[in-house]
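As structure tokens, the structure follows; a few thoughts come after it.
The values are calculated or read from the model by the stated rules, or taken from the named source; none is laboratory data. This is a predicted model, so every value here is computed, not measured. Here Cβ is always computed from backbone atoms with ideal geometry, including for glycine, and neighbour counts include all displayed protein chains. The protein model used for the area step is the full one, side chains on, heavy atoms only, and it has no ligands, DNA or RNA in it. Shrake-Rupley method; radii C 1.70, N 1.55, O 1.52, S 1.80 Å.
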Amino acid sequence: MPNIRPLSPELAKKAKDELHEVPERLDDDLAALRAWLAKCPHIRSRTDDQFLMMFLRGCKHSLERAKEKLDLYYTVRTALPELIRNRNPFDGKLGALMRMGSAFPLPQTAGPDSPRIMMIRPGVYDPAKYTIQEVFKFNSMLGDLMMMEDDNLIIAGQMGILDLSNTTMAHFLQFNPTFVKKATMWSQEASPLRLKGFHYINTPSGFEIVYNMFKNFLNEKNRSRLHVHGSNLEELYKHIPKRLLPEEYGGEAGPIQDIVDKWVAKIEDNKDYFLEDEKYGTDEKKRPGRPKNAENLFGIEGSFRKLEVD
């Protein structure tokens, strides 16, 4: 049997029904993925069972799609060193972003086989002190740890709540089209995770500009999963049970700072994991065929040059 965490009965059923998981086939599929990686001179990948399972599950156990996703996962990460390199949790700026709780997962899910819910609060950081790249670097650390250990996230998918309280035009101006293209490709194309819904609350004026920019880069399925609630939290509760939210939002999940402090400790405990992660990625000089780089992945030199100048 593969060396992976046993699933709860509810998640095992969901994996079988929705992801076409057949436990008897897992050993062969994992062996096939490893054999394929051994023949890819350009990919330096983690190869433990739990990590590779994430791609099989994220691609509903299509071996060919899992190969494509794994290649793209490392290709995009290599092309975005500003988000993925030098992720030391004891770095002053990253540490500060962690402690202020600019992003954190909610402790509970709606049911035993429900998606994991992520709370994102850009209004807590000062855009004059932190770049959007630093914010996303922290988000990538949080995401990597969750992918490593959260079976609800991998099997049931993820939902997001973006609370835009206290955001200003300076926050929105950090989102130029080039960055938005990179961020959406990273989360939509190169991630094995499935988005199950995204909820915007406390939206200020000016929000539509960034919202429409993101929307343009999303596929139709993900676009249909965006919900804007303004300041009407009752609308949010129709999608996400109120009890799951922190006290500050009328819920029962405890104070935000308690949730954040647990994640800070967890991220700091995994410092070695982030340092080790530096050695994985792609070496485009060794890729059979045409190398992939930021220019041909994100189309930066072409379609966005004009947009950024305007």
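Summary of computed values
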| read-out | value |
| --- | --- |
| With at most 13 neighbouring Cβ atoms within 10 Å, loop GluC sites (Glu not before Pro) (DSSP) excluded, longest segment of the chain | 1-251 |
| Relative contact order %, the range 30-162, counting alpha carbon pairs below 8 Å whose residues are six or more apart | 24 |
| Shape of the range 1-61, Cα gyration tensor, a/c cut at 1.5 | prolate |
| Carbon/sulfur fraction of accessible area - the range 177-292, other protein chains in place, 1.4 Å, % | 48 |
| Cα gyration tensor category, rounded, prolate or oblate, for the chain with a/c compared to 1.5 | oblate |
| Extension gain (nm, one decimal) between K221 and E268, 0.36 nm per residue minus Cα-Cα | 13.3 nm |
| Accessible surface of the range 101-174, 1.4 Å probe, proportion on carbon and sulfur as whole % | 56 |
| Net dipole in debye of the range 85-158 [+1 Lys, Arg Cβ; -1 Asp, Glu Cβ; about Cα centre; nearest 20] | 380 |
| Residue-normalised accessible area of the chain, expressed per residue, 1.4 Å probe, Å² | 47 |
| Per-residue HN-Hα couplings for the range 68-83 [Karplus 6.51, -1.76, 1.60; θ = phi - 60°; Hz; x = Gly/Pro] | 4, 5, 5, 4, 5, 3, 6, 5, 5, 5, 5, 7, 10, x, 5, 9 |
| List M98, M148, ordered by accessible area with a 1.4 Å probe, largest first | M148, M98 |
| Accessible area of D277 in the full protein assembly, 1.4 Å probe (Å², nearest 10) | 10 |
| Lysine pairs meeting the criterion (Cα under 26 Å, 8 or more apart or interchain), as found in the range 1-109 | 13 |
